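Colleague: Let me begin by handing over the structure; questions about it come next.
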Amino acid sequence: METNELHGRVQSVDRAMVLLEALSNNEHGHRLTDLSRQTGLSLTTVHRLLTTLEQRRFVQFTTSDNLWHIGRQAFAVGSAYVRDRNFAAPALPFLRRLRDQTRETANLGIVEDGEIVIINQIESREIMRAISRVGGRTPMVASGMGKAVLASYTHDDVTSVVRRCSLRKITRTTLTSRDALDAQLKAARRDRYTVDDEEFVSGLRCVAAAVYNDQSEVVCAISISGLLARMTWDRIPVLGRLLAETAQQLTQALGGVEPTFAAD
C-alpha cells in the first residue's frame, strides 16, 4: 500500500481524491490527458485510479465524447453531508421561495476553514445564471454570506479570520482594508443583510443574511446571486430587506433567535 509517512496519508487515496475534486470543478467532463496535466499525475496512474473509481460508481465515462464525469455515488456520499445538517432540509422551501420571488439563484452556505461553502442551491430559471455552484468555496471576507456571518463575530474573532485568510485583492472591488471591512460589518448589523459587489467573481453580485440557532449563534447563511444587469444597485435595498426577512423566518422555523447587536 502506498503511504506518505510524513503526513500519514495513503498516497493512492489522496490521488483519487484529487481526481474527484478536479472532476467536480467541470460539469462538462474531462479528457484523460486534461486530468493528467491538471493533477500532475501520469496517464497510467490517472487511468488506473479512474477505472477503480468507475467500478465503485464514483466516476463515469461516456464513450460518445470520451470524457470522464463525476459519478452518482459521489453525489450520494456528498448528499449525506448535507442531510447531516439539520437546517438544510428546512431551508429548501425558503430557498425556493427566494428564487421565485427574485428570479435569481438562491444559495445556502456554511463556514468551513475561514471560507463559505455552498451546500445547497436553487438555480434561477433565467437563461444567464449566477456563476456559482454547490461545493464552491469563497473566502469569508469576499463573500456576501461570509460577511453576514462575520457581522455576528467579535472584533477579535474577525481579526483571526482576517489573519488567516488575508484581505487579498481578487477582483477590482475586493475589500483590501480592515477599515472597509469593519464599515460593511457595521452596516450589516444595522441592516441585517450584506452585499458582495463583484468581490470574488467579476460580474456577479450577491445579497446575503445570516441564520441563527437558539443560542443566537450563526448556523448558516442564505443568499441570492445574479448578474449585474439584473442585480442593479437600485434593486439591492428591496432584495436586502427580503433576505433579512427570509433569514429571520428560517431562524424562527429552526427554533433560533436573532441576536440584538449593540450600537457601534
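The values are calculated or read from the model by the stated rules, or taken from the named source; none is laboratory data. Here the structure is a predicted model, which means the values were calculated and not measured. Note that we place each Cβ from the backbone using ideal geometry, even for glycine, and neighbour counts take in every protein chain shown.
Colleague: In the range 173-209, which residue that is among the hydrophobic types (A, V, I, L, M, F, W, C) and farther than 17 Å from Asn107 by Cα is surrounded by the most Cβ atoms within 10 Å (Cβ to Cβ)?
Modeller: That would be Ala188.
Colleague: A further question on this structure: State whether one or more residues within the range 80-89 are modelled with pLDDT of 85 or more, part of a helix (DSSP H, G or I) and of a type in the set (A, V, I, L, M, F, W, C).
Modeller: Checked against the condition, which is being modelled with pLDDT of 85 or more, part of a helix (DSSP H, G or I) and of a type in the set (A, V, I, L, M, F, W, C), the range 80-89 yields no hits at all.
Colleague: If I filter the range 1-11 down to residues being at pLDDT below 85 and outside any loop (DSSP other than H, G, I, E, B), which single residue comes out as nearest to Asn66 (Cα to Cα)?
Modeller: Here the answer is Val10.
Colleague: Which residue, of Ala187, Ala208, Ala180, is aliphatic (A, V, I, L, M) and in contact (Cβ under 8 Å) with a residue 12 or more places away in the chain?
Modeller: When all the criteria are applied, what remains is Ala208.
Colleague: Kindly list the number of the only condition in (1) closer than 19 Å to Gly114 by Cα; (2) β-branched (Val, Ile, Thr); (3) touching a strand residue (DSSP E or B) at 6+ places or on another chain (Cβ under 6 Å) that fails for Val201.
Modeller: It is condition (3) that Val201 fails.
Colleague: With the requirement that a residue be assigned to a strand (DSSP E or B) and of a type in the set (Phe, Trp, Tyr), what does the range 32-69 give you?
Modeller: Phe61, Trp68
Colleague: Which ones in the range 217-264 are in contact (Cβ under 8 Å) with a residue 24 or more places away in the chain, hydroxyl-bearing (Ser, Thr, Tyr) and more than 15 Å from Val207 (Cα to Cα)?
Modeller: Matches in the range 217-264: Thr251 only.
Colleague: Please verify whether the range 126-143 includes one or more residues that are at pLDDT below 95, more than 12 Å from the chain's Cα centre (by Cα) and of a type outside the set (A, V, I, L, M).
Modeller: yes
Colleague: Any residue at all in the range 212-230 that's among the acidic types (Asp, Glu) and either surrounded by 13 or more Cβ atoms within 10 Å (Cβ to Cβ) or not in a helix (DSSP H, G or I) (or both)?
Modeller: Yes: one or more hits.
Colleague: Sticking with this one: Please work out which one of (1) touching a strand residue (DSSP E or B) at 6+ places or on another chain (Cβ under 6 Å); (2) at pLDDT below 90; (3) within 15 Å of Val161 (Cβ to Cβ) is the condition Gly114 fails and give its number.
Modeller: So Gly114 meets the others, but not (1).
Colleague: Turning to a different aspect of this structure: Could you pull out the residue among Arg235, Arg241, Arg164, Arg190 that is closer than 17 Å to Gly114 by Cβ, assigned by TED's automatic domain parsing to the domain that holds Thr105 and assigned to a helix (DSSP H, G or I)?
Modeller: Answer to the selection: Arg164.
Colleague: If you don't mind, there's one more thing I want to ask. Please tell me if Ala180 is at pLDDT 90 or above and touching a Lys or Arg at 6+ places or on another chain (Cβ under 8 Å).
Modeller: The answer is no for Ala180.
Colleague: With respect to the numbered conditions (1) surrounded by fewer than 20 Cβ atoms within 10 Å (Cβ to Cβ); (2) in contact with a Lys or Arg (Cβ under 7 Å, 6 or more places away or on another chain); (3) closer than 27 Å to Asp100 by Cα, which one is the sole condition not fulfilled by Ile122?
Modeller: Against the list (1) surrounded by fewer than 20 Cβ atoms within 10 Å (Cβ to Cβ); (2) in contact with a Lys or Arg (Cβ under 7 Å, 6 or more places away or on another chain); (3) closer than 27 Å to Asp100 by Cα, Ile122 comes up short only on (1).
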